[in-house]
Amino acid sequence: MTESSSFQPVLDRIAEEIAAAPARGRPADYIPVLAEADPSRFGMAVAELDGTVYGVGDWRRPFSAQSITKVFTLALVLSMEGEALWRNVGREPSGNPFNSLVQLEYENGIPRNPFINAGALVVTDRLQSLTGDAAGCLLDFLRAESGNPELAFDETVAASEAGHGDRNAALAHFMASYGNISGPVPGLLAQYFRQCSVEASCADLASAAGFLARHGIRADGTTLLTRSQAKQINAVMLTCGTYDAAGDFAYRVGLPGKSGVGGGIIAVVPGRCTLCVWSPGLDARGNSVAGVDALDRFTTLTGLSVF
Ligand code: GLU
């Protein structure tokens, strides 16, 4: 497709094809409130570098962002303390489920990457130390970058997760025992569950991720990250952003992406656009079935990929 053509026809075609594809997966149920989501929902948005947004289906309907927020907290911490973060968290794919404990013991409490839960807890702990309000800092950033001042946490989702958060609590306490968490664990968990509970639409999240396609430049033209740091985040998204299915996602979609158990996925075409797709039915590894399918169709139809 040409640089100037609209993404609308391709989005309309993808939505038609997805509507005809019956497989949808099942919503996450380990956070009870998320199990109520309707797997037939589907939305997709593409944001251009200048902020123009195209969308189809439920693209303006808010959903639970969950792990997609991990990209934004990582960007904020890197913008504030740079390379120092990588002393506390690695950047290799884990090959394990997102909430796994086993690798942490072998690797002395240093999580493999910032997108598994253990790594995200480390990043949120850093953001909390740096700002005193990690979740609030994230929300301010998302509001500014999406242009939507109404973005908010869903306290019901945060409470539902807190009520079933033993696994995340175990990860945080375990890392604290290695000295890799600086603040008190209960406060960190409260911040993390609020962070994950952000309700945002495909339009909001595609727009908010725009700085990753603009090589680190925020919506208002100021610099959040160096070009090199934006590249680094995109690289970690490509290799670690879709749980233990990142290889398959790279194979099918060919873009840096980050999924969440709410059924959303953001993806980046550096220098061109950002995407967000949402459909709450997940596959066995936690990625939205229709979401991955739609992104696969997008890169196939447009030829836009990093490869
Ligand atoms: N809040 C979820 C958890 O910590 C996020 C998981 C995800 O979206 O991958 O379990």
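Couple of notes before you dig in:
- Residue among 41, 112 that is surrounded by fewer than 22 Cβ atoms within 10 Å (Cβ to Cβ), more than 13 Å from the ligand (Cβ to nearest atom) and closer than 20 Å to residue 248 by Cβ: 112
- A count restricted to the stretch 253-263 and to residues that are part of a loop (DSSP other than H, G, I, E, B) and within 16 Å of the ligand (Cβ to nearest atom) stands at 4.
- Checked against (1) in a loop (DSSP other than H, G, I, E, B); (2) more than 19 Å from the chain's Cα centre (by Cα), residue 219 passes all but condition (2).
- Which numbered condition residue 244 fails, given (1) part of a helix (DSSP H, G or I); (2) over 19 Å from residue 28 (Cα atoms): (2)
- Selected residue (criterion: surrounded by the most Cβ atoms within 10 Å (Cβ to Cβ)) from residues of the stretch 132-187 that are of a type in the set (S, T, N, Q) and either under 29 Å from residue 275 (Cα atoms) or in contact with a Ser or Thr (Cβ under 6 Å, 6 or more places away or on another chain) (or both): 146
- All of (1) among the aliphatic types (A, V, I, L, M); (2) open to solvent by 30 Å² or more (accessible area, probe 1.4 Å); (3) away from the ligand (no atom under 15 Å from the Cβ) hold for residue 284 with one exception: (3).
- Just one residue in the set 203, 230, 250 is more than 16 Å from the ligand (Cβ to nearest atom), assigned to a helix (DSSP H, G or I), without any contact (Cβ under 8 Å) to a residue 24 or more places away in the chain and open to solvent by less than 50 Å² (accessible area, probe 1.4 Å); that residue is 250.
- Qualifying positions in the stretch 264-281 - among the hydrophobic types (A, V, I, L, M, F, W, C) and in contact with a strand residue (DSSP E or B) (Cβ under 6 Å, 6 or more places away or on another chain): 265, 266, 267, 268, 273, 275, 276, 277, 278
- Answer residue from the stretch 62-95, given it is in contact with a helix residue (DSSP H, G or I) (Cβ under 8 Å, 6 or more places away or on another chain) and open to solvent by 50 Å² or more (accessible area, probe 1.4 Å) and is nearest to residue 161 (Cα to Cα) among those: 62
- For the stretch 264-278, the tally of residues that are over 10 Å from the mean Cα position of the chain (by Cα) and either within 14 Å of the ligand (Cβ to nearest atom) or closer than 24 Å to residue 96 by Cβ (or both) stands at 1.
- Pairs with Cβ under 6 Å, 6+ apart, first in the stretch 56-82 and more than 19 Å from residue 151 (Cβ to Cβ), second open to solvent by less than 10 Å² (accessible area, probe 1.4 Å): 56/11; 56/44; 57/43; 77/85; 77/123; 77/127; 79/225
- Candidates 145, 161 - the one that is within 11 Å of the ligand (Cβ to nearest atom) and part of a helix (DSSP H, G or I): 161
- Subset of the stretch 176-200 (residues that are within 13 Å of the ligand (Cβ to nearest atom) and part of a loop (DSSP other than H, G, I, E, B)): 197
- Scan of the stretch 47-100 for residues that are of a type in the set (Gly, Ala, Ser), within 28 Å of residue 17 (Cβ to Cβ), away from the ligand (no atom under 16 Å from the Cβ) and assigned to a loop (DSSP other than H, G, I, E, B), ordered by number: 51
The values are calculated or read from the model by the stated rules, or taken from the named source; none is laboratory data. Bear in mind the structure is a predicted one, so any value in this text is a computation, not a measurement. All Cβ positions, glycine included, derive from the backbone under ideal geometry; neighbour counts span all protein chains shown. For the accessible areas, the whole protein counts, side chains as well, though only heavy atoms, and no ligand, DNA or RNA atoms are used. Shrake-Rupley method; radii C 1.70, N 1.55, O 1.52, S 1.80 Å.
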